[in-house]
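The values are calculated or read from the model by the stated rules, or taken from the named source; none is laboratory data. For clarity, every value in this text was computed on a predicted model and none was experimentally measured. With ideal geometry, Cβ positions are generated from the backbone for all residues, glycine too; neighbour counts draw on all protein chains shown. For the accessible areas, the whole protein counts, side chains as well, though only heavy atoms, and no ligand, DNA or RNA atoms are used. Shrake-Rupley method; radii C 1.70, N 1.55, O 1.52, S 1.80 Å.
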Amino acid sequence: MTALGLDIGSRTIKLVVWENGAVVLTRKALTSSDPLAVCRELLHHTPPGPLVATGYGRHLVKEYLRCETVSEIKAFALGARAVFHSCRTILDIGGQDTKAISLTADGRIDKFHMNDKCAAGTGRFLEIMATALGLSLGDFMAEAMATETPHPINSMCTVFAESEVISTIARGTPRPAIALGIHQSIASRTVSLLERVAVTDDIVFAGGVALNGCMQKEIEKALGRNVHVPPDPQIIGALGCALLAAKNDEPVKRHDYDDKVKSSRGKARES
Amino acid sequence: MKFNADNVKPLIEDEFVGEAAKRALQYIQGKRSAGMPVAGIYCGYAPMEVIRAAGAVPAILCAFANKTIAAAEAVLPANLCPLIKSSYGFIITDSCPFFGISDAVVAETTCDGKKKMFELISHYKPMFVMDLPQLPDEEEAQANWAAMITKLKGFLEKTFKTEATSERIEAEIKATNVKNALMNRVFDYAAKKPSLLKWSETYELAFLAQVATTEDLQPIFQEVFRTIKEREEKGVYYGTPSSPRVLVTGCPVGGDSTKVYKIIEEAGGVVVAMDSCTGMKPFMTAIEEDTGDPIAAVAVRYLQLPCSCMTPNLRRLTEMDKIIARFQPDAVIEVVLHACHSYNIEAYKIMNHAKEIHNLPYLKIETDYSDGDVEQIRTRVEALFDSL
């Protein structure tokens, strides 16, 4: 059978198509200011099957696509266990949220913690810091990894941190040192969030920020443990949704996604 | 979330359904027209029995709206609790009708923010600031608080040109006990499984019951119990039998911060217990009667209020034990207003108590009066219910 999972995050929308026990299609696109149009785009010409949605936009699509929704916590718990069966702790750093989830040995949610509504230390924070340093996200990470001597950045508020970075640049501090300092400040904040849930091996690090190898390295250093980054860490929530959709015994619901595609804006990447 | 039947009669059926403050305002205006002075209050520590014995009607001053915060931030720091900012904003924009009709204001040194804010509004109305002991179990605390209450009595007598005799205070103690017993009878129906009341009904009744006299409330109580009995007979309840039952504890929740109650409901939960000063807390304890020293009896009772401004505030935990036994919640959600350090820090103890002693999942929501974090709160609440 075919089942679909959609994770409408604050920065990126992810689609997973699950068929006969395997991921057969994944698509991602930037959320943009019209997430519904992007969802339609992503769902265009996908095989029929039940759909479950998660992420900040889940209630928006629930109405339009008449699909089931699930909280990100549950979606990530299911998705992480699917890619890493022995997973007991999940760290997800997305566009505007950081989540730490601990699971019981049989995979149920034990505890979870999220950052406050402020986006400090999330993907958006990294993007803004990279921009302040005049770097792309890739170069930002590469520069941070090119040095051993960080310059600590103390502000965690995105706006204050940006000012701090600008004034640090103005004092002549090398950019790699600032870049590493930013990564380390996020890592230490992330670890204190993780420690609020019981950290048990194995730890899965998911979300867009998990694509940042420097972030993984600094979190591992601060935590004193290894974390596992799945091959495609961004799709874990959408995967959890697809798994949940596949488990639903309800008759297959399929709506007229294709008819609803009105514009072809928000070019979707397919892999 | 709704009742399991259509057209359910509201608990208080009048033109103010959903408008707790307007109902209270109409009540207070009526009393004022009849010649009673109005005493504005900001907190559950204001000794109501003494205020009433002085012939005044208490008015809970506005503190729960986002709209006055911008004005307040022209003076107050942005990083301050929204309740204090909102209160102050209401005063300087002259938009709190309760303050407008208050003849005096009773305030307490509960937290630093309030204490210093009171200094900034002290010139608007005659104000009496009570020095609240914060180690309530110390021997001196009761005597000191009783001395403060006696001073307040003097202030009210002088301001309102009246006399709050011991007999009148004793009579008010008895009236409070009758009222609290009736309120608790109502709360028992919120505690039923499934609950017979919607949170907003309990909230609205509590709002009115804080300002209205026991005597004036009698006809309302009669109607309330008639309505509840009808619901019971017809098998009407709120939510579904499987809806997660939630105990909401922490900072006062009112006006714009009732968004948290609404989100809990939208996520499929039922708020069965509201453990805060705008909920059930003011009605939970009785005052000892016929002690011969009514002021001392009042002092004892108010010091029992388990506010986080007290230390070590162990009573919060013992009260929580009783609330959990009585309301049988499936989860505990704590509401902490931004920059309310005392509730925020105490939350750690509450979390451990909920999880370890009661084996209940716990979620802390730190919020303010804006609606900017509604979706973030929703994600957390839905995840909490998912984990049940």
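Here is a yes/no grid of residues against (1) at pLDDT below 95; (2) buried (at least 23 other Cβ atoms within 10 Å of the Cβ); (3) among the basic types (Lys, Arg):
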{"site": "B:Thr285", "(1), (2), (3)": "yes, no, no"}
{"site": "B:Met310", "(1), (2), (3)": "no, yes, no"}
{"site": "B:Glu319", "(1), (2), (3)": "no, no, no"}
{"site": "B:Pro329", "(1), (2), (3)": "no, yes, no"}
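For the stretch A:79-115, taking the residues that are assigned to a helix (DSSP H, G or I) and open to solvent by 20 Å² or more (accessible area, probe 1.4 Å), the one that is farthest from the other protein chains (Cβ to nearest Cβ) is identified as A:Val83. A residue that is over 20 Å from B:Gly255 (Cα atoms), charged (D, E, K, R) and open to solvent by 60 Å² or more (accessible area, probe 1.4 Å) cannot be found anywhere in the stretch B:45-55.
Checked against the criteria, A:Ala177 does not count as part of a loop (DSSP other than H, G, I, E, B) and not assigned by TED's automatic domain parsing to the domain that holds A:Leu15. Each residue in the stretch A:156-165 was checked for being surrounded by 14 or more Cβ atoms within 10 Å (Cβ to Cβ) and either in a loop (DSSP other than H, G, I, E, B) or among the small types (Gly, Ala, Ser) (or both), and 2 of them qualify. In the stretch A:116-155, the qualifying residues are those that are open to solvent by 40 Å² or more (accessible area, probe 1.4 Å) and within 14 Å of another protein chain (Cβ to nearest Cβ), and the one that is nearest to A:Gln216 (Cα to Cα) is A:Arg124. Can you find, within the stretch B:350-388, the residue that is farthest from the other protein chains (Cβ to nearest Cβ) among those that are open to solvent by 10 Å² or more (accessible area, probe 1.4 Å), of a type outside the set (Gly, Ala, Ser) and in a loop (DSSP other than H, G, I, E, B)? So, considering only residues that are open to solvent by 10 Å² or more (accessible area, probe 1.4 Å), of a type outside the set (Gly, Ala, Ser) and in a loop (DSSP other than H, G, I, E, B), the one farthest from the other protein chains (Cβ to nearest Cβ) is B:His358.
Kindly indicate whether any position in the stretch B:274-282 is surrounded by 23 or more Cβ atoms within 10 Å (Cβ to Cβ), among the β-branched types (Val, Ile, Thr) and under 26 Å from B:Ile60 (Cα atoms). Yes, the conditions are met somewhere in the stretch B:274-282. Do you know which residues across the stretch A:43-67 are of a type in the set (A, V, I, L, M), farther than 18 Å from A:Val83 by Cβ and either assigned by TED's automatic domain parsing to the domain that holds A:Phe125 or open to solvent by less than 40 Å² (accessible area, probe 1.4 Å) (or both)? Answer for the stretch A:43-67, where residues must be of a type in the set (A, V, I, L, M), farther than 18 Å from A:Val83 by Cβ and either assigned by TED's automatic domain parsing to the domain that holds A:Phe125 or open to solvent by less than 40 Å² (accessible area, probe 1.4 Å) (or both): A:Leu43, A:Leu51, A:Ala53, A:Val61, A:Leu65. Screening B:Asp290 with (1) open to solvent by 30 Å² or more (accessible area, probe 1.4 Å); (2) on the phi < 0 side of the Ramachandran plot gives one miss only, at (2). Taking each residue of the stretch B:113-129 that is of a type in the set (Asp, Glu) and looking for partners that are open to solvent by 40 Å² or more (accessible area, probe 1.4 Å) with beta-carbon atoms closer than 9 Å, six or more apart or interchain, yields B:Glu119/B:Val129. Taking the stretch B:301-313 as the range and being over 19 Å from the mean Cα position of the chain (by Cα) and in contact (Cβ under 8 Å) with a residue 24 or more places away in the chain as the test, only B:Thr311 passes. Taking the stretch A:1-42 and the strands (runs of 3 or more DSSP E) fully enclosed by it, the elements with 2 or more residues that are open to solvent by 10 Å² or more (accessible area, probe 1.4 Å) are at A:12-19, A:22-30.
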